[in-house]
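We did not get these values from a lab; they are worked out from the coordinates using the rules stated. Please read all numbers here as calculations on a predicted model, not as lab measurements. Glycine gets a Cβ as well: all are built from the backbone with ideal geometry, and neighbour counts include every protein chain shown.
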Amino acid sequence: MGKRVLWFHDAECCDVAAAGGKGASLASMTQQNLPVPGGFSVPADVLEQCVDGDALRAHARAQNHAAAVKLVEETAAVPQEVLEAYAELGGGKVAVRSSASAEDSEAASYAGQQETYLNIEGAEAVRKAVIDCWASFFSERALFYRGEMGNLDDLRMAVVVQKMVDADKAGVAFTIHPVTRRKDRMLIEAVHGLGEQVVSGEVTPDHYVVDRKGREKKSDTPHGGVLAADELARLAEMAINLEKHYGKPQDIEWAIYGSDIFLLQSRPVTA
């Protein structure tokens, strides 16, 4: 039986097959000494070890999402090592995020297909959130999408547990304009508070079109201008460094607390 926990600083956590797209991205950035809040991944193969894998796979193949979700919710047992790792992280508030092994390639994005739970506090709440992340891999929408992609047999779903950033401001940054595809323009979106509002489409963020130096070229700021010029410049510099590191345009989630910028995710900009 393999490891039940992979810390972001573990070399194995950079493996997408083990830590999922989010987990591997966070590990890779951590190991580049970038400002990533501490955390760990529950490896992708742990789910199948914690349930009746044959029964779960049969439900998935039949696209019986209700039966699959029920099986996970009622029978999955989160390993004790996961709760011990949460304690080692210092307890307190964490984000518990789904991290599918097949997610976030240039050809396909699973963003939004599975769940993220924020401000989770206490071992029991973490245990439940991990199970809820696993169950979300078998939602009607997620099974339909995987059916279209031809991988309903796949039970590999990692879960990321990461210290929460009590963000003053947060959002996303694209190192290539995602609509016009101009490589000399970047798009940065920002809101006050947690960035999940932007990712989920809950609110309309401030939009900034900037050049590669972070200099504002155009903006639409329904929130009155969340970001200052120096913050745009710092975000642009971090984003360009990530693009160089990964060798392709990136879609980045970030948060600002006080004067510090934290990186929460980086994935390829999808077609």
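When you restrict to C-alpha pairs under 8 Å that are six or more residues apart and normalise by the size of the chain, the relative contact order lands at 20 percent. Shape class of region 6-163 from the Cα gyration tensor (axes a ≥ b ≥ c, square roots of the eigenvalues): oblate, since a/c reaches 1.5 or more and a/b does not exceed b/c. Farthest toward the positive end of the dipole of the chain, out of A58, A68, A19, is the Cα of A19, where the dipole comes from beta carbon charges about the Cα centre.
Peptides 130-139, 87-96 ranked from most to least packed give 130-139, 87-96, packing being the mean of other C-beta atoms within 10 angstrom over each peptide's residues.
Put +1 on the Cβ of every Lys and Arg and -1 on every Asp and Glu Cβ in the chain; which of P43, T221, Y145 then has its Cα farthest towards the positive end of the dipole? Among P43, T221, Y145, the one farthest towards the positive end of the dipole of the chain is T221. With a threshold of 18 Å on the Cα-Cα distance, the over-threshold entries among K3/K128; K183/K218; K70/K128; K183/K248 are K3/K128.
Given 10 °C and 1.306 mPa s, compute D for the chain with the Stokes-Einstein relation, Rh being the Kirkwood radius over Cα pairs; round to the nearest whole µm²/s.
My calculation gives 84 µm²/s for D.
If only the Cβ of Lys and Arg carry +1 and only the Cβ of Asp and Glu carry -1, the dipole of region 169-268 around its Cα centre is close to 560 debye.
Counting Lys +1, Arg +1, Asp -1, Glu -1, what net charge surrounds E12 among other residues with beta carbon under 13 Å of its beta carbon? Within the 13 Å Cβ shell, the charges total -1. Here the chain is treated with +1 on each Lys and Arg Cβ and -1 on each Asp and Glu Cβ, and its dipole about the Cα centre works out to around 780 debye. The residue list W254, A190, N241 was ranked by how far each Cα lies along the charge dipole of region 169-268 toward its positive end, using unit charges on Cβ atoms, and N241 comes out on top. Amide H to amide H, with H built 1.01 Å from N, L264 comes under 5 Å of E253, W254, A255, counting only residues 5 or more places away or on other chains. This model, with +1 at the C-beta of Lys and Arg and -1 at the C-beta of Asp and Glu, gives region 6-163 a dipole about its Cα centre of some 360 debye.
Listed by chain and number, the aspartates and glutamates whose C-alpha is less than 13 Å from the C-alpha of K169, apart from same-chain residues fewer than 8 away, are E189, E196, D206, E231, E253, D260. Which of the three applies to region 113-186, rounded, prolate or oblate, going by the alpha-carbon gyration tensor with a ≥ b ≥ c and a/c under 1.5 meaning rounded? Oblate, because a/c is 1.5 or more while a/b does not exceed b/c. Shown here are the Rg and Dmax of the Cα trace of region 113-271, at 17.1, 48 Å.
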